[in-house]
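The values are calculated or read from the model by the stated rules, or taken from the named source; none is laboratory data. Since the structure is predicted, the reported quantities are computational estimates derived from the model, not experimental observations. Don't worry about glycine lacking a Cβ; one is built from the backbone with ideal geometry, like all the others, and counts go over all protein chains shown. For the accessible areas, the whole protein counts, side chains as well, though only heavy atoms, and no ligand, DNA or RNA atoms are used. Shrake-Rupley method; radii C 1.70, N 1.55, O 1.52, S 1.80 Å.
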Number of protein chains: 2
Amino acid sequence: MAMGLGLIGYGGMGRWHHENLARVEGIEVVGAYDVQPMRGELAAASGIRNYASLEELLADPRVRLVTVATPNDFHKEHVLAALAAGKHVVCEKPVGMDAQELVEMMEAARRAGLVFTVHQNRRWDEDYRIVRRTIEDGAIGTPFYIESRVQGSRGIPGDWRCVREAGGGMILDWGVHLIDQILWMVDSPVVEVYAHLLSVRFPDVDDNFKLLMKFGNGLSALVQVDTLCFSNLPRWHVSGDAGTLVVDDWSCKGRVVKAKTVEFRMEEGIVYTKAGPTRTMAPRPVESIEELPLPKVETDWADYYRNVLAAVEGREELIVKPEQALRVLRVIDAAFESSSKGICVRMQV
Amino acid sequence: MAMGLGLIGYGGMGRWHHENLARVEGIEVVGAYDVQPMRGELAAASGIRNYASLEELLADPRVRLVTVATPNDFHKEHVLAALAAGKHVVCEKPVGMDAQELVEMMEAARRAGLVFTVHQNRRWDEDYRIVRRTIEDGAIGTPFYIESRVQGSRGIPGDWRCVREAGGGMILDWGVHLIDQILWMVDSPVVEVYAHLLSVRFPDVDDNFKLLMKFGNGLSALVQVDTLCFSNLPRWHVSGDAGTLVVDDWSCKGRVVKAKTVEFRMEEGIVYTKAGPTRTMAPRPVESIEELPLPKVETDWADYYRNVLAAVEGREELIVKPEQALRVLRVIDAAFESSSKGICVRMQV
């Protein structure tokens, strides 16, 4: 019999979970609760139970797994309530407003002996998997820079996402994904965090930010999210000591560019600018470089819930471990501290 | 009668000054001194005097202006010698190994009552002037990010430029230009400097770096120089609250992209990625944005020396003031400190 799933929160993401869980064998969405009655009616109209209250949802014995998809400042309350009711829990990202909230949730899950994980679904993004695969394959040698960006020009939706007290802003919304992706692929602790969080159009939250991280192995990573950018830079730009990897956007066009031969005469192809010649920044002779296609990857978001199910059934380890989400939130906490105080936060995370 | 100019150092940049000064009316290159006799012979072969020693050059009464184009760790010694001999001085960049060296030179110039300036020639680069003009014209509103990059894949020339003690490395070579360009266009003090200086192929110096600066007015600037990058990002990417400016490279192709109308429905054009929908990062409807060409600018590097001549003759203020070069070196000093200690350097420069 399929494991019953209850949705706390039936807004945009709650509905998205519902629709897409149809592809996950072994999990059945049985109902939803939303504080807004109109959304509960949507749930009922789509054929699942519309719980009248959170308590009713949590009291339903058919619900063994709960997905929390409420505004960020309600996550802790809803996760703790679900755990207290004996449910396994998937929580939307960011799982908490800060690392301390997550520590409390992790402690509650540990005590209850229940599975608790975070919907860091962008680990299954095709562009990200291509970057991981390319690096693992050694195609660019040892990476020394990772640049990960998402850029839009539409601002922030006019709901709780632009309210600081509700956990709004781009570092908690998108930053949490981009940081998680990098931490999940770099096998080294974060040792420095420095950030510029700007509030250009939305005075209460960060609507454009840059975050520089340094890892213990010397790797430097730039994470950037913009909501006021009309001409985007590539989604990924990764420099390795043997080549450069670029993924342009979510369509996953891109390339690996590298030298065929490392040696060449510095004098070849000097660039004469109006302000003087440069050898260092002259382009290489075309015949000395090669451009390779990106690897093909197969990725399926539904593997996230398949893993959650397997973890509940004791067949697999969780892929998204709360300890990993905790590292991400510690970096985000550091980014807020860095930007507000004008400091670099040193850490071992 | 033209003002006589003596060149201290007749390497690549010394010869470039010589060749290009032919276009500057009122200045005549009379001779050069180089510690390497072969270079002195090159000078003689090109029709100017080959001084047997620095003292001989400085004793020549025809020389009223000296251009110092020696390795970076010799600048102070040569500038001070030229000033002591009563010559006006142009010094190649970086004018000193650190800010303290420049303070000594400025003090000597002040005492001697002589003109002293730095060859920050990239203030005359076409790409830079286009960026300045675009911002001054208000085409992108108030800028909140400036990103300035030069990227190559050829490493560093194998001379003193890859030796730390000689003032090698990219922040002193290219960083000094890119920082100077930004400081000359932003009317606000630098308040924070944070840098990652990497030594990927050249263990003694920084061969790839990122530097984040924050200004007192809130502006955030990223300066990046790479020598191991096979797929370049745009030379300039500037985000303003009313649009985005991109200059691709030294050919000065680029564009201003902005909204025709600020308002639109968030629901239009949601992007469905494998890992979920996004409204924030969905592209705007094409009809809601417009792309404008970059302004045309006229720029002439020779205006640098024309201004030096006018300053010597008391007709104009110096364009490249030593006080400005001092700000740049204070930022560079801070970048070295930031990177080696893992801190953000707070300042008012």
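See the values below:
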| quantity | calculated |
| --- | --- |
| Pick from the range B:45-72, criterion small (Gly, Ala, Ser) and open to solvent by less than 50 Å² (accessible area, probe 1.4 Å), ranking: nearest to B:Gly14 (Cα to Cα) | B:Ala69 |
| The range A:177-222, residues that are buried (at least 20 other Cβ atoms within 10 Å of the Cβ), within 11 Å of chain B (Cβ to nearest Cβ) and charged (D, E, K, R) | A:Glu192, A:Asp207, A:Lys210, A:Lys214 |
| Residue match in the range A:11-18 (condition: crowded, with 19+ Cβ neighbours inside 10 Å and charged (D, E, K, R)) | yes |
| Condition broken by B:Phe144, with the remaining ones in (1) open to solvent by less than 10 Å² (accessible area, probe 1.4 Å); (2) in a strand (DSSP E or B); (3) within 13 Å of chain A (Cβ to nearest Cβ); (4) not aliphatic (A, V, I, L, M) satisfied | (1) |
| Residue ID - surrounded by the fewest Cβ atoms within 10 Å (Cβ to Cβ), chosen from residues in the range B:154-173 that are of a type in the set (A, V, I, L, M) and within 11 Å of chain A (Cβ to nearest Cβ) | B:Ile156 |
| Qualifying residue in the range B:299-319 (condition: open to solvent by less than 30 Å² (accessible area, probe 1.4 Å), assigned to a helix (DSSP H, G or I) and free of Cβ contacts under 8 Å to residues at least 40 places away in the same chain) | yes |
| Qualifying residue in the range B:140-152 (condition: of a type in the set (S, T, N, Q) and more than 17 Å from the chain's Cα centre (by Cα)) | yes |
| Flag for B:Arg123 being open to solvent by 10 Å² or more (accessible area, probe 1.4 Å), in a helix (DSSP H, G or I), modelled with pLDDT of 95 or more and within 14 Å of chain A (Cβ to nearest Cβ) | no |
| Positions within the range A:331-349 being buried (at least 21 other Cβ atoms within 10 Å of the Cβ) and away from chain B (no Cβ under 14 Å), in sequence order | A:Val331, A:Ile332 |
| Test result for B:Pro283, over 32 Å from the mean Cα position of the chain (by Cα), open to solvent by 50 Å² or more (accessible area, probe 1.4 Å) and facing chain A (nearest Cβ under 8 Å) | yes |
| Selected residue [more than 7 Å from every other protein chain (Cβ to nearest Cβ), open to solvent by 10 Å² or more (accessible area, probe 1.4 Å) and of a type outside the set (S, T, N, Q)] from B:Asp249, B:Asp241 | B:Asp249 |
| Hits in the range A:1-21 (condition: outside any helix (DSSP H, G or I), at pLDDT 95 or above and more than 15 Å from A:Tyr51 (Cα to Cα)) | A:Ala2, A:Met3 |
| Hits in the range B:73-114 (condition: assigned to a loop (DSSP other than H, G, I, E, B) and surrounded by fewer than 22 Cβ atoms within 10 Å (Cβ to Cβ)) | B:Ala85, B:Gly86, B:Met97, B:Asp98, B:Gly113, B:Leu114 |
| Of all residues making up the range A:149-174, the number that are touching a strand residue (DSSP E or B) at 6+ places or on another chain (Cβ under 6 Å) and either of a type in the set (D, E, K, R) or assigned to a helix (DSSP H, G or I) (or both) | 4 |
| All positions within the range B:32-62 that are in a strand (DSSP E or B) and over 27 Å from the mean Cα position of the chain (by Cα) | B:Arg49, B:Asn50 |
| The range B:96-116 residues that are more than 12 Å from B:His75 (Cα to Cα) and of a type outside the set (Asp, Glu), paired with ones that are in a loop (DSSP other than H, G, I, E, B) and modelled with pLDDT of 95 or more (beta carbon under 8 Å, 6 or more apart) | B:Ala109/B:Val115; B:Ala112/B:Gly86; B:Leu114/B:Gly86; B:Leu114/B:Lys87; B:Val115/B:Leu318 |
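So that you can scan it fast, the table gives a plain yes or no per residue for (1) at pLDDT 95 or above; (2) closer than 27 Å to A:Ile319 by Cβ; (3) among the acidic types (Asp, Glu):
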residue: A:Arg154; (1), (2), (3): no, no, no
residue: A:Gly158; (1), (2), (3): no, no, no
residue: A:Arg161; (1), (2), (3): no, yes, no
residue: A:Gln181; (1), (2), (3): yes, yes, no
residue: A:Glu192; (1), (2), (3): yes, no, yes
